[in-house]
Amino acid sequence: FILGIMLFSFAVRAVYVESCSMFTRGGVYRVVKEALGGTFAKISVSALMFDYILTGPISGVSAGQYITGLMNEMLVLASHTSWLPPALHDVHGNPFQFNMNSTAAVFAGAVTIYYWWQNTKGIEESSGKALRVMRITTIMVVVLFVWGAYSLFVRGIHLPPLPTPSNLKFSDDALGFLKGTKLVPLFGLFGILMAFGHSILAMSGEESLAQVNREIEHPKLKN
């Protein structure tokens with residue numbers, strides 16, 4: 001069943017990528033309107049706006065946690081190499097560490113305010129900026145793959161355990177509102193459904209294809 005859902009989502013993604021390449025700008029509204037009409041196009045745009053409202057804060061906090069973890073690790077490394085000033089050590093000699101949650105929240109708030117300020121100025125042409133973002137993202141993906149391959153070569157590889165109930169261990173933060181309820185034994189099913197939902201939300205990132213349509217080399221993809 002899960003495999004069938006994943007194959008269906010892959011087919012939807014393929015159609016969406018092809019549509020973004022054929023139609024000139026407009027994103028999901030234009031694609032859905034051409035295929036299914038204006039009513040479904042409005043529903044799709046409403047869902048996409050809701051997706052962005054959720055994705056923005058989640059992505060900001062996640063990025064903040066990665067950056068905070070990197071800064072904390074750099075402080076520890078600097079302490080081990082005696083590069084860290086004594087003022088950044090506590091009374092026990094441990095290096096200063098940023099609070100993970102608070103620092104990530106501050107970072108997410110700063111990023112949100114910055115982009116709000118950019119939007120208040122108005123965006124006359126966003127395709128150039130979207131193209132630069134895609135270039136930076138491509139470089140990051142290449143670095144991630146190379147770094148991952150190097151890590152596998154140095155540290156080796158082992159497969160994760162099978163997703164059986166005995167292997168599913170969740171912290172209190174991971175359980176969230178399910179903590180202390182009778183739904184916890186079924187959380188494996190909830191986890192699979194949430195993972196599938198995230199895979200669908202990831203399609204919103206491909207909306208950038210519609211914004212860089214003018215940069216796609218001519219002739220455009222034929223219908």
Sequence of TRP147, TRP117, TRP83 when ordered by accessible area, the most exposed leading, probe 1.4 angstrom: TRP83, TRP147, TRP117
Value of D in µm² per second that Stokes-Einstein yields for region 41-161, Kirkwood Rh from Cα pairs, at 20 °C (1.002 mPa s): 117 µm²/s
Table column - 3J(HN,Hα) (Hz), region 70-77, Karplus curve with 6.51, -1.76, 1.60, x for Gly and Pro: 5, 5, 5, 5, 5, 5, 5, 5
Estimated Rh, region 62-126: Kirkwood, alpha-carbon pairs, angstrom: 13.9 Å
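The values are calculated or read from the model by the stated rules, or taken from the named source; none is laboratory data. Since we're looking at a predicted model, the values are computed, not measured. Accessible surface areas use protein heavy atoms only, side chains included; no ligands, DNA or RNA. Shrake-Rupley method; radii C 1.70, N 1.55, O 1.52, S 1.80 Å.
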